[in-house]
Amino acid sequence: MPEIRYFEAVQRALAEEMTRDERVYVLGEDVGLVGGTFRATEGLMAEFGARRVRDTPIAEAAIIGMAMGSAMSGLRPVAELMTLNFGIVAMDQIINHVSKARYMFGGQVSLPMVIRAAVGGGTQKSAQHSHSVESWFVNTPGIRVIVPSTPYDLVGLLKTSVRSEDPILFLEHEGLYGSRGEIPEEEYLLPFGVAEVKRPGRDVTIVAWSKMVHEALKAAEILSREGIEAEVIDPRTLDPLDIDTILGSVARTRRAVIAEEGWRNVGMGAELSSRIQEHLFYELEAPVQRVAAADVPTPYAKNLEKLALPDAQRVVDAVLKITL
Amino acid sequence: MYEDMVLIRRFEEGAAEAYADGLIGGFMHLYIGQEAVATGAITALNHDDYALGTYRVHAHALVRGSSPRSLMAELYGRATGCCKGKGGSMHFFDAEKYFMGGYGIVGGHLPIAAGLGLSMQMQGNDRVVMAFLGDGASNQGVFHESLNMAKLWDLPVVFVCENNFYGIGTDVRNSSAFNEIHKKAQGYGIPGHVVNGMDVLAVREACEEMVRHVRQGSGPVLIEARCYRYGGHSMTDAGKYRSVAEAELWKKRDPIPRLAKSMLEAGIVDQERLDQIAEKANATVIDAMMYAEESPVPDASSLYDDVYVENHGA
Ligand SMILES: Cc1ncc(C[n+]2csc(CCOP(=O)(O)OP(=O)(O)O)c2C)c(N)n1
């Protein structure tokens with residue numbers, strides 16, 4: 001199987017879907033001529049023209065609102081927010097409009113639209129450029145939240161997203177754009193709500209997504225040398241969430257660690273931890289552990305940023321806390 | 001003003017070297033080419049007027065009078081930086097100099113500037129607020145919301161749009177339906193003026209007049225300074241969307257030699273004095289870089305400092 005990079009996975013998925021379906025179009029800041037800040041839409045304008053790959057002004061609220069309007073009336077927009085930091089400018093459109101329309105209007109409209117945005121910190125971009133706030137959107141009914149960790153998952157899930165009748169928030173991690181992975185030559189789709197066991201193990205279950213999957217896998221390597229076999233599960237989509245795979249694994253390993261890059265307070269880890277305890281309280285050998293970002297706006301200084309954001313070592317420490 | 005511009009350029013050249021050496025991380029947006037705008041505009045303010053910038057704020061903080069040492073230390077992520085290493089390049093802040101920050105979100109600071117203006121008005125003083133923004137920012141909703149409210153309440157705000165014709169890689173002609181930005185203000189009844197942003201004297205003159213107008217309580221103004229950044233949008237952008245010929249054309253209008261030439265011609269300075277100024281700027285920057293390098297990184301215990309004030313007001 002050929003190897004491609006994460007940003008090339010976006011190009012491939014979008015090109016395939018735009019070829020398949022005339023209604024699919026792309027809009028966002030610098031997505032056309034420049035080819036996207038992360039090169040994720042490079043080549044699309046040359047292939048599909050400026051009518052279907054539209055450079056927009058820096059106007060996030062309008063980008064999302066226009067995507068919604070066009071999705072209500074026959075098109076299938078893929079809007080890029082560059083990074084989710086700027087999606088906050090469009091929060092009203094996403095939360096008040098996009099995620100509520102179908103329900104509020106009694107099912108009369110669907111919004112087949114995808115909002116793509118990069119997330120994540122770790123590159124010293126300071127507080128206004130380091131958001132991993134997927135929890136906010138999982139906390140909001142009416143919009144799906146997809147968090148691919150590999151090029152393979154990205155292609156399959158992005159294609160499914162473009163075909164979905166529901167609005168999708170598709171979150172790509174900035175720190176993964178250059179990462180490589182194998183994908184098949186032939187076309188494939190991946191379903192929502194199906195977690196993947198990225199590494200099997202018997203002693204503890206680590207649930208991680210997006211870039212934290214890779215930290216969790218590193219942690220599992222380290223732990224394995226100590227004789228601890230960690231199972232790493234990547235839910236791949238946070239909404240819908242494949243809770244069954246997670247519960248099944250924890251029922252076997254009887255220990256769980258949730259690793260996320262978002263803030264700890266009331267985050268996705270808190271939700272997962274609560275769900276595990278609701279279902280498996282009597283099976284657990286130890287309290288569920290959460291690894292997450294410190295509850296501070298991400299600092300600029302390298303040493304402080306490292307302290308604020310979780311990494312493999314933090315995952316190892318959390319596992320050791322409940323296995324020794 | 002000449003000294004300011006030379007210092008800004010040297011400061012950023014030094015910062016660019018340090019960035020290439022890995023001493024500075026994250027995003028760094030250089031201002032090289034645009035020096036005349038910050039310099040001409042900010043020197044038209046009184047020392048206790050407020051100024052705010054975008055993520056491209058090294059120059060603005062320097063002209064406002066922040067210490068090059070504390071700014072450089074901030075770029076290096078040191079505890080002695082103006083934001084104790086927490087802000088970095090995009091978020092310089094210096095309360096003592098009434099420099100109310102650099103902001104990473106395009107347009108996000110414009111309502112904040114209007115709020116500062118409201119505060120001045122309600123406190124009954126005649127201080128003004130100067131807010132810088134880019135051409136790209138003039139398409140954001142908050143730009144329009146802020147201009148509208150600033151005029152509605154006649155707030156003392158000078159909006160200075162630094163039109164360098166690009167928002168990252170998108171040409172203003174492809175982002176603004178109506179790209180004479182100074183005229184956008186007129187839709188809100190706000191006077192808009194256009195000025196050559198490569199000419200510091202022209203910027204200064206226009207800004208002095210506008211600041212006077214605003215200080216009298218006549219409401220906000222918008223100045224569009226047409227200028228050019230020589231480099232890419234940030235250190236990680238090569239700027240390939242612009243032609244070499246275009247960039248060369250603008251470099252011929254460089255504001256620093258331009259001012260030097262007119263001062264020499266007017267006999268205000270001689271070459272020796274200009275060399276001294278360049279040398280002084282160089283020494284200041286080297287000193288700042290050494291200071292930054294020798295400064296301690298923030299202590300781990302400071303991670304949680306300043307999220308909240310300690311006392312809860314009880
Ligand atoms: C709300 C928001 N959207 C997008 C970005 C990404 N971004 C950073 S700078 C920039 C271009 C801004 O252009 P302009 O306002 O003209 O200022 P200039 O860089 O030219 O000084 C963009 C799109 C951002 N920081 N904030």
- Query: Before we move on, is residue B:295 of a type in the set (Gly, Ala, Ser), within 14 Å of chain A (Cβ to nearest Cβ), touching a residue at least 24 places away in the same chain (Cβ under 8 Å) and open to solvent by less than 60 Å² (accessible area, probe 1.4 Å)?
  - Reply: yes
- Item | Failed condition for residue A:246, given (1) part of a strand (DSSP E or B); (2) within 24 Å of residue A:189 (Cβ to Cβ); (3) touching a residue at least 40 places away in the same chain (Cβ under 8 Å) | (1)
- Which one is most open to solvent (accessible area, probe 1.4 Å) among residues in region A:139-166 that are charged (D, E, K, R) and within 13 Å of the chain's Cα centre (by Cα)? A:144
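The rows are residues; the columns are (1) at pLDDT 95 or above; (2) over 16 Å from the mean Cα position of the chain (by Cα); (3) within 13 Å of another protein chain (Cβ to nearest Cβ).
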site: B:113; (1), (2), (3): yes, no, no
site: B:120; (1), (2), (3): yes, yes, no
site: B:131; (1), (2), (3): yes, no, no
site: B:134; (1), (2), (3): yes, no, yes
site: B:141; (1), (2), (3): yes, yes, yes
site: B:144; (1), (2), (3): yes, yes, yes
- Restricting attention to region B:97-140, which residues are within 11 Å of the ligand (Cβ to nearest atom) and without any contact (Cβ under 8 Å) to a residue 12 or more places away in the chain? B:105
- Task: Could you please find all residues in region B:29-55 being in a loop (DSSP other than H, G, I, E, B) and not polar (S, T, N, Q)?
- Result: B:29, B:30, B:31, B:32, B:33, B:44, B:45, B:47, B:48, B:49, B:53, B:55
- Consider residue B:53 carefully, then state whether it is open to solvent by less than 10 Å² (accessible area, probe 1.4 Å), within 16 Å of the ligand (Cβ to nearest atom) and at pLDDT 95 or above. yes
- Message: Could you check region A:260-290 and list, in sequence order, the residues that are free of Cβ contacts under 8 Å to residues at least 60 places away in the same chain, open to solvent by less than 70 Å² (accessible area, probe 1.4 Å) and among the hydrophobic types (A, V, I, L, M, F, W, C)?
- Response: A:270, A:276, A:280, A:284, A:286, A:288
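Counting just the residues of region A:292-307 that are in contact with a strand residue (DSSP E or B) (Cβ under 9 Å, 6 or more places away or on another chain) and without any contact (Cβ under 8 Å) to a residue 60 or more places away in the chain, which one comes out surrounded by the most Cβ atoms within 10 Å (Cβ to Cβ)? Even if it seems obvious, please write down each step before you answer.
To start, the set of residues in region A:292-307 that are in contact with a strand residue (DSSP E or B) (Cβ under 9 Å, 6 or more places away or on another chain) comprises A:292-296.
From what's left, without any contact (Cβ under 8 Å) to a residue 60 or more places away in the chain: A:292, A:294-296.
Details: A:292: 23, A:294: 18, A:295: 13, A:296: 17.
Out of the qualifying residues, it is A:292.
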- Item | Verdict on residue A:133 being surrounded by fewer than 22 Cβ atoms within 10 Å (Cβ to Cβ), within 16 Å of the ligand (Cβ to nearest atom) and modelled with pLDDT of 95 or more | yes
- Message: Can you report the number of residues in region B:147-183 which are over 11 Å from residue B:221 (Cα atoms) and within 14 Å of the ligand (Cβ to nearest atom)?
- Response: 17
- Query: In this structure, is residue A:18 away from chain B (no Cβ under 12 Å) and either modelled with pLDDT under 95 or within 16 Å of the ligand (Cβ to nearest atom) (or both)?
  - Reply: no
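Where in region A:24-108 are there strands (runs of 3 or more DSSP E), lying fully within it, with 2 or more residues that are of a type in the set (Gly, Ala, Ser) and surrounded by fewer than 20 Cβ atoms within 10 Å (Cβ to Cβ)?
Fully inside region A:24-108 and qualifying: nothing.
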- Task: Answer yes or no as to whether residue A:41 is within 23 Å of the chain's Cα centre (by Cα) and among the polar types (S, T, N, Q).
- Result: yes
- Residues within region B:241-263 that are more than 23 Å from residue B:38 (Cβ to Cβ) and surrounded by 14 or more Cβ atoms within 10 Å (Cβ to Cβ), tallied: 1
- Task: Check off (1) within 24 Å of the chain's Cα centre (by Cα); (2) of a type in the set (A, V, I, L, M); (3) open to solvent by less than 20 Å² (accessible area, probe 1.4 Å) for residue B:238 and give me the number that stays unchecked.
- Result: (3)
- Among the residues of region B:19-42, which ones are within 12 Å of another protein chain (Cβ to nearest Cβ), of a type in the set (A, V, I, L, M) and open to solvent by 30 Å² or more (accessible area, probe 1.4 Å)? B:23
- Message: Consider region A:172-211. How many of its residues are more than 21 Å from residue A:273 (Cβ to Cβ) and of a type in the set (A, V, I, L, M, F, W, C)?
- Response: 6
- Message: Which condition from (1) farther than 22 Å from residue B:228 by Cβ; (2) among the charged types (D, E, K, R); (3) within 16 Å of the ligand (Cβ to nearest atom) is the one that residue B:64 breaks?
- Response: (3)
- Message: Can you report the number of residues in region B:267-292 which are open to solvent by 70 Å² or more (accessible area, probe 1.4 Å), more than 30 Å from residue A:302 (Cα to Cα) and aliphatic (A, V, I, L, M)?
- Response: 1
- In region B:62-154, which helices (runs of 4 or more DSSP H) lie fully inside it and hold 2 or more residues that are surrounded by 24 or more Cβ atoms within 10 Å (Cβ to Cβ) and small (Gly, Ala, Ser)? B:110-122, B:141-152
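The values are calculated or read from the model by the stated rules, or taken from the named source; none is laboratory data. Please read these numbers as outputs of a predicted model, since none were measured by experiment. Every residue, glycine as well, gets a Cβ built from its backbone with ideal geometry; the counts of neighbours run over all protein chains shown. Surface accessibility is based on the protein's heavy atoms, side chains included, excluding ligands, DNA and RNA. Shrake-Rupley method; radii C 1.70, N 1.55, O 1.52, S 1.80 Å.
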